[in-house]
1. In debye to the nearest 20, how big a dipole does the chain give about its Cα centre with +1 on each Lys and Arg Cβ and -1 on each Asp and Glu Cβ?
2. Which is farthest toward the positive dipole end of the chain among 212, 266, 56, measuring Cα position about the Cα centre, with Cβ charges +1 (Lys, Arg) and -1 (Asp, Glu)?
3. Helix-derived [θ] at 222 nm for the chain: sum -39500 (n - 2.57) over DSSP H runs of at least 4, divide by residue count, nearest 500?
4. Taking the Cα centre of region 35-157 as origin, sum charge times position over the Cβ atoms of Lys and Arg (+1) and Asp and Glu (-1), and report the length of that vector in debye to the nearest 20.
5. For residue 221 and residue 107 in one chain, what is 0.36 nm times their gap in residues minus the Cα-Cα distance, to one decimal in nm?
6. Could you name the aspartates and glutamates in cross-link range of residue 84, using Cα to Cα under 15 Å and dropping any fewer than eight places away on the same chain?
7. Using the structure shown, list the pairs from 51/180; 51/150; 51/216 with a Cα-Cα distance above 29 Å, or answer none.
8. How much length is gained on full extension from residue 63 to residue 97, taking 0.36 nm per residue of separation minus their Cα-Cα distance?
Amino acid sequence: MSDHSSRKRLPATAMEAVEGLDLGDRLYVVTGAYSGLGATTTRALLSAGAKVVVAGRNVDSQAAFVAGLTSPGNAKATAIDQSKIDARHTLDLGSLASVRAFADHLNGTYDRIDGLINNAGVMNTPPGVTSDGFEIQMGTNVIGHFLLAKQVVDITRRQVWLSSRGHTLYGDPPGNHDLKKAPRINLGAIENVDLDAYDSWPRYQQSKLGDILLAKEFAARYPKLKTCAVHPGVVRTNLSRHMSIGTMIRFILAGIMGNGAPIITPDQGARTQIWCAVMPESELVNGGYYADCKVEPAADAANNMDDARQLFDFCDRVTADFQN
């Protein structure tokens with residue numbers, strides 16, 4: 001495979017992130033693989049010859065996505081080898097039983113995962129809990145991914161956790177971000193969910209903070225494993241389906257006025273997670289937080305290793321019944 005160190009500039013798109021690479025000997029697992037950033041990531045990795053395990057929640061949507069990848073009507077289908085796609089199982093991160101079953105499939109089928117890309121997630125959801133009783137954003141974005149990552153850690157070489165600049169959020173978005181003021185992780189709010197007083201944006205902040213903390217703690221506990229967390233940018237996907245019109249307008253105006261990030265396409269947003277998944281091991285900053293394909297400062301709350309250990313131990317405890 002070609003060496004990223006020979007490149008003169010960072011990629012601007014997902015396809016540029018794999019340009020010139022031969023990933024024919026690589027296996028990647030992408031959660032949330034059939035829509036948004038996940039779909040773009042899957043297409044890019046397949047185009048470079050990698051094998052991809054497609055992990056999505058809805059069986060019909062997953063089947064339709066895979067059929068579209070290899071359809072004769074798809075101009076790029078000839079570049080995709082159908083045998084490189086494993087879409088035999090679905091994955092519901094809000095159900096620990098589903099996560100365990102999917103992990104069993106991976107462990108029973110493969111002896112090496114070159115990259116586990118924890119891409120799936122929810123944002124700013126209405127009040128709710130997962131089927132196992134966890135606050136829905138933390139349960140989906142963090143605890144479900146934790147169980148998957150832990151169950152396959154022995155065969156995994158690299159983890160890429162999709163986080164967000166949202167981990168620095170305090171108050172209402174889009175303008176209140178601060179590396180110093182962002183709240184620390186609150187483990188009590190994960191199991192003790194007050195649905196009557198539920199505030200979705202602080203819960204989203206906690207879940208994206210949790211992704212960074214777990215990336216750091218997995219790196220600390222498993223010396224042979226490489227990990228990182230990434231911020232994709234403010235991307236136009238269906239992740240914003242729970243966002244109010246007023247909030248969407250504030251995001252757009254902030255980008256136009258230079259007070260916030262511009263809204264970008266999935267092809268632009270997926271470049272960082274792909275870049276981190278395929279770059280040479282020697283170039284990846286282990287446990288690092290990446291944005292725009294380079295390491296960026298994370299909030300103080302994301303660098304608190306005591307919190308990282310406590311979150312890992314919490315996730316380990318509440319998923320114990322679903323582990324080997």
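1. Details: 32 positive and 34 negative charges, 146 e Å.
Dipole magnitude for the chain comes out near 700 debye.
2. Of the listed residues, the answer is 266.
3. Working: 11 runs with 114 residues, N = 324.
Computed mean residue ellipticity for the chain: -10500 deg cm²/dmol.
4. Details: 10 positive and 10 negative charges, 66 e Å.
So the magnitude is around 320 debye.
5. On the way: separation 114, 0.36 × 114 = 41.04 nm, distance 2.02 nm.
Full extension from residue 221 to residue 107 adds 39.0 nm.
6. Qualifying aspartates and glutamates at Cα under 15 Å: 22, 25, 114.
7. Numbers: 51/180 41 Å; 51/150 21 Å; 51/216 26 Å.
As for pairs spanning more than 29 Å Cα to Cα, those are 51/180.
8. 10.1 nm
Read the figures in this text as sums done on the coordinates, not as results from a lab. Model, not experiment: these values are computed from the prediction. For neighbour counting, all protein chains shown are included, and Cβ atoms are generated from backbone atoms with ideal geometry for every residue, glycine included.
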